[in-house]
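The values are calculated or read from the model by the stated rules, or taken from the named source; none is laboratory data. Nothing here was measured: the structure is a model prediction, and the numbers come from that model. Every residue, glycine among them, receives a Cβ derived from its backbone with ideal geometry; neighbour counts consider all protein chains shown.
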Amino acid sequence: MLNCLDNDGKLLTMFFSYLLCDGVMQQGHTELIENWKNNDNSKLWLDIEFDEHNINQAKQLLGELGCDAKLSENVFVNHHPAQLDQFEEQLFLSYRGVGHEIGQLRFEHQQLAFFIKERLLISLHRRPSQGTNAARNYPSLAEKIEHPLELALFIMRASSQYYLQNLLNFEASLEAYEDAHERGEGDQSLSDIAAHRIALLRLRRIFNYNRLMLSELKEVYAELEAKTASTSYALEELGDRFEHLYGLSNLYYDICSNLIEGHISISTHQQNMSMRLLTLITTIFVPLSFLTGIYGMNFDYMPELKHHYAYFYLLGAMLCLSSGLLVFFKFKKWF
């Protein structure tokens with residue numbers, strides 16, 4: 001790793017360089033770039049980590065290595081979607097990768113860009129990348145550097161592994177939410193499920209960008225003359241991985257949506273049952289209140305009030321009326 005400092009000692013950039021020449025791999029600094037330029041049989045991987053303070057230096061380095069200036073500008077745009085461009089003898093790939101995991105279905109995403117030539121791979125990112133870290137620690141890195149496109153595919157696949165593992169771990173939590181829903185304890189987890197659904201929606205969008213980009217890459221690679229079996233296999237494998245991630249995110253999103261909709265349906269049904277019960281109670285007491293209101297009026301002449309058993313007759317009528325309504329409601333299966 002090389003730390004480049006300006007005249008004031010300020011950190012400009014960090015990068016790793018790996019040179020493969022005659023089957024021997026070297027790790028070093030700027031001298032490897034010169035060695036690569038002087039040996040037509042060598043292959044070089046240059047991994048650059050930059051920030052807002054050293055963008056101009058990174059652009060200058062890309063220019064010196066023959067990278068297209070227009071494509072270079074896309075590297076330094078935040079939240080740039082996955083993209084594929086072919087210019088003369090170089091490929092430009094950009095996709096959304098993993099900086100690091102924050103929690104369940106939560107990641108710090110970052111753009112990872114590649115310039116791919118016959119003998120050169122340049123990877124660029126703003127912060128440490130899980131994918132490039134995995135590639136640097138790979139035991140058979142020399143085999144990957146031999147084919148720059150295959151190395152880029154390996155880095156993307158290593159990055160996607162973090163997505164896959166996180167999604168598979170989420171499945172256990174999803175089963176717990178389903179069990180809680182069956183037990184009628186959905187209220188406690190409803191907010192969590194809603195948050196997970198939003199996170200899955202974001203992931204699904206990212207996975208869709210990546211799989212569309214890879215689909216374009218397959219078409220471009222099919223037209224290239226220099227193809228290898230290992231690179232073709234890596235391309236198919238990464239395509240399957242992106243499709244798998246997109247399918248899982250869709251599946252889990254639908255399950256979360258169904259859990260939320262199911263909880264809302266149950267809550268609505270329970271509310272309707274409560275409203276029906278209140279309506280039935282009201283229906284029973286309205287006529288009783290009506291009778292009570294009539295005979296509670298303060299008129300001097302009310303013939304029924306003079307009857308010796310009028311009170312008991314009224315109570316009996318109210319009892320029969322309420323009992324009749326209860327029987328009718330039971331017959332209608334309203335409760």
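What to note about this one:
- Complete set of residues in the stretch 31-44 that are within 21 Å of F114 (Cβ to Cβ), in a helix (DSSP H, G or I) and touching a strand residue (DSSP E or B) at 6+ places or on another chain (Cβ under 7 Å): L32, I33, W36
- Close pairs (6 angstrom Cβ cut-off, 6 or more residues apart or separate chains): more than 17 Å from A134 (Cβ to Cβ) in the stretch 44-60, part of a loop (DSSP other than H, G, I, E, B) and at pLDDT 80 or above anywhere: A58/F50
- With respect to the conditions (1) in a helix (DSSP H, G or I); (2) surrounded by fewer than 19 Cβ atoms within 10 Å (Cβ to Cβ), R241 lacks only one, and its number is (2).
- For the stretch 279-304, filtering for residues that are among the charged types (D, E, K, R) and part of a helix (DSSP H, G or I) leaves 1.
- Some residue of the stretch 129-139 being touching a residue at least 60 places away in the same chain (Cβ under 8 Å), closer than 30 Å to N258 by Cα, in contact with a Phe, Trp or Tyr (Cβ under 8 Å, 6 or more places away or on another chain) and part of a helix (DSSP H, G or I): no
- Residue within the stretch 99-110 that is part of a loop (DSSP other than H, G, I, E, B) and not aromatic (F, W, Y) present: yes
- Qualifying position, being among the aliphatic types (A, V, I, L, M) and surrounded by fewer than 19 Cβ atoms within 10 Å (Cβ to Cβ), among L217, L167, L201, L153: L201
- The residue that is modelled with the lowest pLDDT, counting only those in the stretch 7-37 that are of a type in the set (S, T, Y) and under 17 Å from E146 (Cβ atoms), is S17.
- Residue count, the stretch 155-179 (criterion: within 19 Å of L93 (Cβ to Cβ) and out of contact with any strand residue (DSSP E or B) (no Cβ under 7 Å at 6 or more places or on another chain)): 4
- Applying the set (1) more than 25 Å from Y221 (Cβ to Cβ); (2) touching a residue at least 60 places away in the same chain (Cβ under 8 Å); (3) outside any strand (DSSP E or B); (4) not β-branched (V, I, T) to L153 leaves exactly one unmet item: (1).
- For the stretch 163-196, residues that are at pLDDT 90 or above and within 30 Å of Y233 (Cα to Cα) total 8.
Here's the yes/no breakdown for (1) in a loop (DSSP other than H, G, I, E, B); (2) more than 28 Å from the chain's Cα centre (by Cα):
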site	(1), (2)
H53	yes, yes
G66	yes, yes
V77	yes, no
Q86	no, yes
G97	no, no
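- Flag if G293 is surrounded by 12 or more Cβ atoms within 10 Å (Cβ to Cβ) and not aromatic (F, W, Y): no
- From the options Q27, Q57, Q86, Q90, residue that is touching a helix residue (DSSP H, G or I) at 6+ places or on another chain (Cβ under 6 Å) and surrounded by fewer than 21 Cβ atoms within 10 Å (Cβ to Cβ): Q86
- Only listed residue being over 26 Å from L153 (Cα atoms), more than 23 Å from the chain's Cα centre (by Cα) and part of a helix (DSSP H, G or I), chosen from I266, I260: I266
- Inter-residue pairs, beta-carbon under 7 Å, first surrounded by 13 or more Cβ atoms within 10 Å (Cβ to Cβ) and in the stretch 170-194, second at pLDDT below 75 and not aromatic (F, W, Y), 6+ apart: A180/G186; A180/Q188
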